[in-house]
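Reviewing the structure listed below.
The values are calculated or read from the model by the stated rules, or taken from the named source; none is laboratory data. A quick note: this is a predicted structure, and the numbers were derived from the prediction, not measured. With ideal geometry, Cβ positions are generated from the backbone for all residues, glycine too; neighbour counts draw on all protein chains shown. These area figures cover heavy atoms from the full protein model, side chains too; ligands, DNA and RNA do not enter into them. Shrake-Rupley method; radii C 1.70, N 1.55, O 1.52, S 1.80 Å.
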Amino acid sequence: MAKVKTQKLKKFRTIKKAPAYEGYLPGHRSCQGCGPALCYKLVAKASGPDTIFVGPTGCMYVANTSYTCGPFAVPWTHAQITNGGAIGSGIEAAYQVLIRKGKYDGPLPNIIVMAGDGGTTDIGLQAMSGMMYRNHDALFICYDNEAYANTGIQTSPTTPYGAHTTFTPPGPMVPEGKKLYPKNAAQLVIGGHPAVKYVATASVAYPVDLMNKVIKALNYVGPTFLVIHCPCPKGWKFDADKTIQIAKMAIKTGMWSLYEWEDGEITYQRKPKEYQPVGEYLKLQGRFSHLTQEHIANQQAFVDAKLKAPGIAVQVPTAHSAPEI
C-alpha cells in the first residue's frame, strides 16, 4: 500500500519572512475593512499553492464568488452552510483512496474548511464535529465575525451578550439586546473530540501568529481546528479603517484570547499584563451603544470568569428567562 506523503510547512518569525505566495487575490466584493477577507488572505498565504478550500455559504462565499468568478488561486468548492465538514471529509477520504490504490502519488493537499461562526457552531456544527470525530487529516477554520453577516447581521451562537443585531434589537422588554452569552467554539472541540491534538485561536490583528498557527495545524496529521477573530465593520458598526484597532482591543480587554491547545496543554500568546475594562472595547462599536452600566458590568463579570478559569464552563452572571409575549 502506498504511503501517504504529507506536506511540511515552515514557520517564520517576522512578516518580512512570510511566504511571498498569494492564494487569495484582488477582485472580490467584500466590504471595506472586512476582517474575514483579511483572514482568508493570510490563511491562503500560509497554506501555500497545494491547498484545497471548502467554503460553506457565508460572507466569504457570497462576497467572493459572484458572476462565476472568484479570488482563489487554488481549488475552491462551495458547500452548504450545513455540511462544510462533510465535504472536507469527503475530499480527504477520496485522496486517501487514490493514494491507497496507487492512482495518486503526490503529497496530500492541505484541505481547509473555511466556515463562518454559523457554519461552525450552529447550522454546520454536526458536520464540523463529524470531521473532528472521524479523524480526517484536514483543518477546519472558523472565521468568527460574530454574526450571520451576509444575510442581514443576524445573531449567531458567537454573538456577544448585549449586541444589537436584526434578531436581537434592544427595546423596552429586552433593553440589553442579546440576552445570551456566546458559545466557545474552541472549547467545543477541545472538550468533545479526543482525536484532535491541536486547537488554537487567532486574530487578524496579529498576522504572523495567525499564519504560524495555520502552518502548525496543517503540519499535524489528523484533524485540527482554529478559530480566528475577524471584526466586521458593517455588522459591528465601526469605521472601516478601525478593523485592526478593534481586533487588538478585544485582546487587551479579554473579550478575545490568543492561545494554543496542544496535547492537553494551553499556552497563551499576547496575553496582557493587565487587562483594560471591557467597556473600552464596547464603546468603539455601534452594536453596543445602547448598553447601560449594568449591562457592561454583566459583560465584565463574564469575561473575568473566563480569564480566571480557561477551559472551564462559565456561570453566566444574569438570568436568561424569555420575556413574556
Search result, residues across the range 93-123 that are of a type in the set (D, E, K, R) and open to solvent by 10 Å² or more (accessible area, probe 1.4 Å): 100, 101, 103, 105, 122
Selected residue (only one of 175, 182, 170 is assigned to a loop (DSSP other than H, G, I, E, B), of a type outside the set (Val, Ile, Thr) and in contact with an Asp or Glu (Cβ under 7 Å, 6 or more places away or on another chain)): 170
Selected residue (criterion: nearest to residue 145 (Cα to Cα)) from residues of the range 169-178 that are touching a residue at least 12 places away in the same chain (Cβ under 8 Å) and open to solvent by 30 Å² or more (accessible area, probe 1.4 Å): 170
Selected residue [more than 21 Å from the chain's Cα centre (by Cα) and either of a type in the set (Gly, Ala, Ser) or over 19 Å from residue 111 (Cβ atoms) (or both)] from 20, 46: 20
Only listed residue being open to solvent by less than 20 Å² (accessible area, probe 1.4 Å) and among the hydroxyl-bearing types (Ser, Thr, Tyr), chosen from 220, 161, 206: 161
Strands (runs of 3 or more DSSP E) lying entirely in the range 38-152 (those with 2 or more residues that are aromatic (Phe, Trp, Tyr)): 139-144
Boolean, residue 166 is without any contact (Cβ under 8 Å) to a residue 40 or more places away in the chain, surrounded by fewer than 19 Cβ atoms within 10 Å (Cβ to Cβ) and either over 30 Å from residue 99 (Cα atoms) or more than 19 Å from the chain's Cα centre (by Cα) (or both): yes
Residue, farthest from the chain's Cα centre (by Cα), within the range 70-100, restricted to residues that are in contact (Cβ under 8 Å) with a residue 24 or more places away in the chain and farther than 30 Å from residue 121 by Cβ: 100
Pairs, first closer than 19 Å to residue 158 by Cα in the range 252-273, second charged (D, E, K, R) and open to solvent by 90 Å² or more (accessible area, probe 1.4 Å), C-beta under 7 Å, six or more apart: 258/270
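Here's the yes/no breakdown for (1) more than 21 Å from residue 114 (Cα to Cα); (2) aliphatic (A, V, I, L, M); (3) part of a helix (DSSP H, G or I):
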position	(1), (2), (3)
241	yes, no, yes
244	no, yes, yes
247	no, yes, yes
251	yes, yes, yes
273	yes, no, no
The range 10-56, residues that are under 19 Å from residue 245 (Cβ atoms), open to solvent by less than 60 Å² (accessible area, probe 1.4 Å) and in contact with a strand residue (DSSP E or B) (Cβ under 6 Å, 6 or more places away or on another chain): 36, 39
